[in-house]
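Undergrad: Below is the structure I would like to discuss, written out as structure tokens.
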Amino acid sequence: MMDISSKYDPLSVEDKWYSHWMKNDFFTSKPDNREPYTIVIPPPNVTGVLHMGHMLNNTIQDVLIRRARMQGKNACWVPGTDHASIATEAKVVNKLKEEGINKNDLSREDFLKHAWDWTDKHGGIILEQLKKLGASCDWSRKKFTLDDDLYESVIDVFIDLYNKGYIYRGVRMVNWDPKAKTALSDEEVVHKEVNSKLYHVKYKIEGTEEFITVATTRPETILGDTAVCVNPTDDRYKNLVGKRVIVPLVNRSVPVISDEYVDMEFGTGCLKITPAHDINDYNIGIKHNLEVIDVLNEDGTISEAAGMYIGLDRFKARKQSAKDLEEQGLLVKVEDIKNKVGYSERTNEVIEPRLSLQWFLAMEKLSKPALDNVVNGNIAFHPPKFINTYKHWMENVKDWCISRQLWWGQRIPAWFYGKGTQDFVVAKTQEEALELAREKSSNDNIQANDLRQDEDVLDTWFSSWLWPISVFDGIRNPDNEDINYYYPTQSLVTAPEIMFFWVARMIIAGYEYRNELPFTDVYYTGIVRDKQGRKMSKSLGNSPDPIELMKKYGADGVRVGMLLSSPAGNDLLFDESLCEQGRNFSNKIWNAFRLLKTLEVDENLSQPKSSEFAVQWMKESIAQKLAVIDEMYGKFRMSDALMETYKLVWDEFCAWYLEMVKPEYGKPIDAKTYHESISILEDVLKILHPFMPFITEEIWHLLKSRDEKDCVIVAKWPSAGGKSELVEEFELVKEIISNIRNFRKSKNLSPKETVELFYQNIKLVDVEKYKETIVKLANVSEIKDIADKPTSSYSFMVKTDEFFIPFSENINLDEERERIEKELEYQKGFLNILMKKLSNEKFVNNAPAQVVDAEKKKQTDAEAKIKALEEQLSSLV
């Protein structure tokens, strides 16, 4: 026997084994002749810290990669971080502001030095935190989206797509973030329902004393109105089309035009047209050749072109314009309404539609293979419900605005040599640009110092969309060993919120640059919410610190707690009690291990028949259950795989197997049963390991003396088996034992007091075969077949077999009679419901045959139970 701690202490175990795994290079992967299993981590923001969403996402990835490793595959999990241009630049700007430094007073080079200092100081924290979780990434492959090789890959792709005609530059209506002072793609805008006001404003009809009323939620943009538009079928305003009205505040004369776009039912049916500040107005403006007046500066203040409120914040201008309209008698009324408003996904600033000269990637042709190969199933979504969402977006895909008015990121490789909007070339270096500029302009006098590189950087997602390729250097060196071996990757674990930001675009890049899919399966996690269903956030203060949770419950406890209620694609309602449940599971496993290891072993004892059966049953139980677990893994039903594992350990191994093989108190166990039990526990540890890596490794090494490389992390995954007759049959034996135990409990009998078990004409259970097991687990003094049913006995049914426990003099017959009568009443009621159902011709004729057969089986069972109960009642004398 060995001295084992009475309690499992995760804090003393986790760092020890993580260091051991690292030291032995168990996470490291190099191409070889094994089947690869590759996952690329969704790169978190470089300066981010671990939150509950990361915990869920990375736990699932680690479970998948650990199991693949144990299956003998060459498991490669590539970690890395994202430079997060908007978020990181905003943090650096704020940090400089606190130091009294304005970004605009710095050169680009000086600002980037500050940004790199910030990144070096705060970057990578999250990856270190993932190690605490047990993430078995190949840290030798760690990547950052601004690493030189990844940076160069992005530039190469921009140049390639530009030369293919997919990238173009033009003035378009974009989503403008006034706080970050940059354009955003549609996917970076979050639409929220907010309380707003609808202002009804009078526009005077030119040359008359009459007015029309126009409704708007943004009165500050009246300053940029260049028309009023009505629906051509709207009889109320037909006579006004072709006339002119006076724009309030600025007294500008503008035409009344007609367009079918106008909704006659919204507001007054008259629409103010501000081409510079609304995408639909912009399109109407192009169609009707309207003037464009941009009344907003890039920081959201009113521009000089507005003619008034110059320099005033847009929201202050909204209030002031409403006040001025009211004073001039032009504000008819103000309505309270709810409407959708776009917010920046990164800065939470209200977005402004703004005309801007930007770089775009034409998506329609590029995206077709990415649509086809998800719809046809080549790339599987888990759960598949997200296919329709993906399909809708891809069928309505818009060109991607890829330029950002920032300095932190990959600088756009465009070089300007003149004042015209098309006086530019796209090239990797200034030397190449100079050559191209001279050629394009037919001017050999252009010099290097005449060239000006575009100030903008590329959207962060323009680097992330290459991630599965670029981490293996597949853009710069498309035929290298790594890309040919690891690509395509296998599983991507991500959130549905970035399906379009990232997943769709990676698929597009995969087909464009490798002519194949980037991964075979996409597992979408849900959002981690609190018990009230609210999304976890710092502002609500409802998000626990994952590191503190791991200190309290152990990494394994938190991993199990997260996955116990996390079905794919559905939100997880997180409750700390889940982690407590995970910790309790750890303690259960630890106590089971302690029980085995503290037993005294007698080499001379022969193996009891009950233990021989128990060993065989447990082995077949594991093999049968593993087939279900493997199926759950194959379907990416991770919570179900964990729950099946949990039940195998808690119910089968701990509650039944150990009870079957455990010797009487103070007595030794035979050597054969002991060694077979250790072997069984090793298989249990293997199945548990992907979910609970730390405790399984600790117990693995405490079970026996091992070489330092003999670790459960690289142990062979057990083999699954088919359906076992032994396992199925023993389910009936378990039911017999449970009924005897329930009888004891209901009659307050001591576990030490033996009972007798009789049976008659049984057909389903071979009682003699399991006699020793029943005697041991149910403390039965005698088991025998009888000719006549005993009087004054408790009977129970196992399927259609009936068993009897004779009453001792301690049993209250009146109470027993009352119990039987209640059960009889219930069974008769249940049978009545079944009979009504089966007498319904519509049900019998239309329901599937197996459903009808199941109902008929219930009828037979209920009738047998009623007959037995009635006989039992009559036997009570």
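The values are calculated or read from the model by the stated rules, or taken from the named source; none is laboratory data. Owing to the predicted nature of the structure, the values given are computational and were not obtained by experimental measurement. Here Cβ is always computed from backbone atoms with ideal geometry, including for glycine, and neighbour counts include all displayed protein chains. To get the accessible areas, we keep the full protein, side chains included, count just its heavy atoms, and leave off ligands, DNA and RNA. Shrake-Rupley method; radii C 1.70, N 1.55, O 1.52, S 1.80 Å.
Undergrad: Can we say Val13 is open to solvent by less than 50 Å² (accessible area, probe 1.4 Å) and either under 21 Å from Met692 (Cβ atoms) or of a type in the set (Lys, Arg) (or both)?
TA: yes
Undergrad: Test Ile475 against the stated conditions and say whether it is touching a residue at least 40 places away in the same chain (Cβ under 8 Å), in a loop (DSSP other than H, G, I, E, B) and not charged (D, E, K, R).
TA: Yes.
Undergrad: Among the residues of region 158-201, which ones are touching a Pro at 6+ places or on another chain (Cβ under 7 Å) and either surrounded by fewer than 18 Cβ atoms within 10 Å (Cβ to Cβ) or more than 23 Å from Arg404 (Cα to Cα) (or both)?
TA: Across region 158-201, the qualifying residues are Ile159, Tyr199, Val201.
Undergrad: Moving on. Has region 434-450 got at least one residue that is under 30 Å from Glu89 (Cα atoms), of a type in the set (Lys, Arg) and surrounded by fewer than 19 Cβ atoms within 10 Å (Cβ to Cβ)?
TA: Within region 434-450 (the criterion being under 30 Å from Glu89 (Cα atoms), of a type in the set (Lys, Arg) and surrounded by fewer than 19 Cβ atoms within 10 Å (Cβ to Cβ)), the answer is no, since none of the residues qualifies.
Undergrad: Then there's this: From the residues in region 751-790 that are in a loop (DSSP other than H, G, I, E, B) and among the hydrophobic types (A, V, I, L, M, F, W, C), which one is nearest to Phe730 (Cα to Cα)?
TA: Checked region 751-790; the qualifying residue nearest to Phe730 (Cα to Cα) is Val765.
Quick grid of which residues meet (1) assigned to a helix (DSSP H, G or I); (2) more than 28 Å from Ile86 (Cα to Cα); (3) among the polar types (S, T, N, Q):
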position: Thr421; (1), (2), (3): no, no, yes
position: Lys428; (1), (2), (3): no, no, no
position: Glu431; (1), (2), (3): yes, yes, no
position: Leu434; (1), (2), (3): yes, yes, no
position: Glu439; (1), (2), (3): yes, yes, no
position: Ile446; (1), (2), (3): no, yes, no
position: Asn449; (1), (2), (3): yes, yes, yes
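Undergrad: What residue, of Ser539, Ser577, is over 22 Å from Ile41 (Cβ atoms), open to solvent by 30 Å² or more (accessible area, probe 1.4 Å), out of contact with any Asp or Glu (no Cβ under 9 Å at 6 or more places or on another chain) and modelled with pLDDT under 90? Step through it out loud before you land on a result.
TA: Numbers: Ser577 fails: modelled with pLDDT under 90.
Answer to the selection: Ser539.
Undergrad: Right, here's the next one. Having 3 or more residues that are open to solvent by 40 Å² or more (accessible area, probe 1.4 Å) and free of Cβ contacts under 8 Å to residues at least 24 places away in the same chain is the bar; report the helices (runs of 4 or more DSSP H) wholly within region 63-157 that clear it. So that I can check it myself, show each step before the final result.
TA: Working: elements: 85-98, 108-122, 125-133.
Once the helices (runs of 4 or more DSSP H) in region 63-157 are filtered for at least 3 residues that are open to solvent by 40 Å² or more (accessible area, probe 1.4 Å) and free of Cβ contacts under 8 Å to residues at least 24 places away in the same chain, what remains is 85-98, 108-122.
Undergrad: Considering only residues that are open to solvent by less than 50 Å² (accessible area, probe 1.4 Å) and touching an Asp or Glu at 6+ places or on another chain (Cβ under 7 Å), which ones fall in region 583-607?
TA: Ser586, Asp602, Gln607
Undergrad: Also: Would you check if Phe796 is over 30 Å from Lys619 (Cβ atoms) and not acidic (Asp, Glu)?
TA: In short, no.
Undergrad: Here's another thing I want to ask about it. Cβ-Cβ below 8 Å, separation at least six or inter-chain, first residue in region 703-727 and in contact (Cβ under 8 Å) with a residue 24 or more places away in the chain and open to solvent by 30 Å² or more (accessible area, probe 1.4 Å), second among the hydrophobic types (A, V, I, L, M, F, W, C) and assigned to a loop (DSSP other than H, G, I, E, B): which pairs?
TA: Close Cβ pairs (under 8 Å, with a partner that is among the hydrophobic types (A, V, I, L, M, F, W, C) and assigned to a loop (DSSP other than H, G, I, E, B)) amount to Val714/Phe26.
Undergrad: Still on this structure: If you go through region 265-290 one residue at a time, how many are open to solvent by 70 Å² or more (accessible area, probe 1.4 Å), of a type outside the set (D, E, K, R) and modelled with pLDDT under 90?
TA: Matching residues across region 265-290 total 2.
Undergrad: Sticking with this structure for a sec: So Ala135 ticks every box in (1) under 30 Å from Trp176 (Cβ atoms); (2) at pLDDT 95 or above; (3) in contact with a Leu (Cβ under 9 Å, 6 or more places away or on another chain) but one. Which box is left unticked?
TA: Against the list (1) under 30 Å from Trp176 (Cβ atoms); (2) at pLDDT 95 or above; (3) in contact with a Leu (Cβ under 9 Å, 6 or more places away or on another chain), Ala135 comes up short only on (1).
Undergrad: Within region 367-390, can you find the residues that are in a helix (DSSP H, G or I) and open to solvent by 10 Å² or more (accessible area, probe 1.4 Å)?
TA: Lys368, Pro369, Leu371, Asp372, Asn373, Val375, Phe386, Ile387, Asn388, Thr389
Undergrad: Which of (1) assigned to a strand (DSSP E or B); (2) surrounded by 18 or more Cβ atoms within 10 Å (Cβ to Cβ) does Glu220 not meet, given it meets every other one?
TA: Condition not satisfied by Glu220: (1).
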